[in-house]
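Novice: This structure is in structure tokens; I'll ask about it shortly.
Derivation of every value follows stated rules applied to the coordinates shown; laboratory data play no part. Note that the structure is a prediction, hence the values are computed from the model and not measured. Every residue, glycine among them, receives a Cβ derived from its backbone with ideal geometry; neighbour counts consider all protein chains shown.
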Amino acid sequence: MPTISTASASTLQQISLIEKRAHPLLICDVDEVLLQFIPHLERFMADNGISFKETAYRLKANMVYTQSGEKLSDDACMAVIHDFFESEVGRQEAVPHAAEQLERLSKLCDIVILTNLPGTHNKPARENLLKSLGMGYPLVTNDGPKGGAVAALCAERAHHPVIFIDDSPTNILSVGKSTPHVQLVHFIADPRFYATSSDLPNVALKSNCWKETGDFIENLLVAAVK
Ligand SMILES: [Mg+2]
């Protein structure tokens with residue numbers, strides 16, 4: 001079971017700088033939740049002669065060289081993702097209505113952005129882009145499953161609701177195990193990947209719409225203070 005100690009020293013150090021208070025908290029992923037990811041990655045891959053073999057929610061083992069149909073090795077897939085972030089981190093587009101719904105929810109809860117972003121030097125570019133899109137909330141970079149980071153972010157918020165939003169099954173399952181009291185929202189902006197994604201256990205809401213997600217979380221937060 002992940003614990004706080006499974007988060008990296010860098011992640012825990014970033015979390016230590018975030019104000020802790022007895023107040024509800026929304027922890028929000030970036031890629032495919034606040035910023036478009038799959039469509040950008042597909043364009044970047046196409047420019048490099050690579051495409052997805054099928055619409056399936058995994059990146060590794062799903063990339064092929066478009067002309068030959070040959071699969072990329074795991075290392076080659078990771079290199080594509082690394083190069084994508086190096087090139088595109090400052091250019092991704094916002095998911096529709098994400099900023100306005102976070103603004104609405106920020107009146108009821110604290111918001112922390114928790115993102116698995118390769119390359120620590122990419123953090124300022126991501127922060128600047130999100131700020132320019134109206135989503136300038138505290139941002140923590142993480143590496144691997146997010147259960148440890150979420151457990152650390154939950155400290156000192158006992159008896160207050162915590163909500164976690166992510167597209168990655170690995171992260172949803174990790175947080176469900178480490179902090180079972182956290183409400184899980186499985187959000188996938190891309191409609192094709194949303195349609196083919198598996199239903200995960202203990203998810204309070206599965207959505208690809210920020211208006212629906214904003215309504216759902218507001219109801220949770222309002223119900224918690226009654
Ligand atoms: Mg994501």
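Novice: So, by mean Cβ neighbours within 10 angstrom, what's the order for 98-110, 54-66 with the highest one leading?
Specialist: 98-110, 54-66
Novice: What is the sum of charges, Lys and Arg at +1 and Asp and Glu at -1, for the other residues whose Cβ falls under 10 Å from the Cβ of L114?
Specialist: Every neighbour counted, the sum reads -1.
Novice: At q = 0.11 Å⁻¹, what base-10 log of I(q)/I(0) does the Debye formula yield for region 54-196 when every alpha carbon is treated as an equal point scatterer in vacuo?
Specialist: With one equal scatterer per Cα and no solvent, log10 I(q)/I(0) is -0.49.
Novice: Provide the net charge surrounding D215, with neighbours chosen by a C-beta distance below 13 Å and charges set as Lys +1, Arg +1, Asp -1, Glu -1.
Specialist: Overall, the nearby charge balance is -1.
Novice: Which whole-number percent is the relative contact order of the chain (Cα, under 8 Å, 6+ apart)?
Specialist: After rounding, I find 29 percent.
Novice: Provide Rg over Rh for region 38-88; use the alpha carbon set for both Rg and the Kirkwood Rh (inverse mean inverse pair distance).
Specialist: With Rg and the Kirkwood Rh in hand, the quotient comes to 0.91.
Novice: Here's something else I'd like to know. Among G136, P161, F85, pick out the residue whose Cα is farthest towards the positive end of the charge dipole of the chain, where Lys and Arg carry +1 and Asp and Glu carry -1 on C-beta, about the Cα centre.
Specialist: P161
Novice: On to the next question. Could you give the size of the charge dipole of region 46-117 about its Cα centre, using +1 on the Cβ of each K and R and -1 on the Cβ of each D and E, expressed in debye and rounded to the nearest 20?
Specialist: With only Lys, Arg, Asp and Glu charged at Cβ, the dipole is about 260 debye.
Novice: Just from its helices, what would the mean residue ellipticity at 222 nm be for the chain, if runs of 4 or more DSSP H residues each count -39500 (n - 2.57) and the sum is divided by every residue, rounded to the nearest 500 deg cm²/dmol?
Specialist: Roughly -11500 deg cm²/dmol at 222 nm, from the helical runs in the chain.
Novice: A further question follows. Using Cα atoms only, what is the angle between the long axis of helix 210-224 and the major principal axis of the chain, expressed in degrees (0 to 90) to the nearest 10?
Specialist: So the helix axis and the longest Cα principal axis differ by about 20 degrees.
Novice: List, in the order given, every pair from K107/K131; K20/K226; K20/K123; K177/K206; K71/K146; K20/K146 whose Cα-Cα distance in the structure shown is over 26 Å.
Specialist: K71/K146
Novice: Still on this structure: Using the Karplus curve 6.51 cos²θ - 1.76 cosθ + 1.60 with θ = phi - 60°, what ³J(HN,Hα) values do you get for each residue of region 155-162, in whole Hz, with x for Gly and Pro?
Specialist: Along region 155-162, the couplings run 4, 6, 10, 3, 6, 10, x, 10 Hz.
Novice: If you don't mind, there's one more thing I want to ask. How much net charge surrounds R126 when only other residues with a Cβ under 13 Å from its Cβ are counted (Lys, Arg +1; Asp, Glu -1)?
Specialist: Neighbourhood net charge equals -2.
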